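Structure first, commentary second.
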């Protein structure tokens, strides 16, 4: 399986990253996918495509390699469609952009699926979100999304190396 993640489409919808600077959004998404990509998406190759300039790269700092692609003079959507069209694997496009999903399906045919970006920031675990709903968590009532505390803890561990505030 090839997962094509529409980078800014995901980070702009994620309550934990939407207000960060673009560089911080990219870093947070990359770090999250390196550590939990298999849990959040499934087994397969993960390619994150961002609009703008930057060099291609392969991030291997966590347990999951994450390939970074920058669209440069084209759009991230166009790059995602082109990659989907060339792939011989099944493709899952992670984006809330319905037009992008339809374009990718048109190019990759029955090999293409589309997933909402919430899969990249929801709690991935055995019933974590259900437990909170069942007991009426304070975090949920105050507007923090399911798994928000886990994301904060995960990012804090990555950025501060376990140091307390």
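Of the strands (runs of 3 or more DSSP E) lying entirely inside segment 1-88, those carrying at least 3 residues that are closer than 24 Å to residue 105 by Cβ are 2-6, 45-50, 66-70. The set of residues in segment 97-116 being at pLDDT below 85 and either within 23 Å of residue 74 (Cα to Cα) or outside any helix (DSSP H, G or I) (or both) consists of 109, 112. Evaluated against (1) touching a residue at least 12 places away in the same chain (Cβ under 8 Å); (2) surrounded by 14 or more Cβ atoms within 10 Å (Cβ to Cβ), residue 43 falls short on exactly one condition, (2).
When segment 69-91 is limited to residues that are without any contact (Cβ under 8 Å) to a residue 60 or more places away in the chain and within 11 Å of residue 112 (Cα to Cα), the one that is surrounded by the most Cβ atoms within 10 Å (Cβ to Cβ) turns out to be 81.
The values are calculated or read from the model by the stated rules, or taken from the named source; none is laboratory data. From a predicted model like this one, the values you see are computed outputs, not experimental measurements. Every residue, glycine among them, receives a Cβ derived from its backbone with ideal geometry; neighbour counts consider all protein chains shown.
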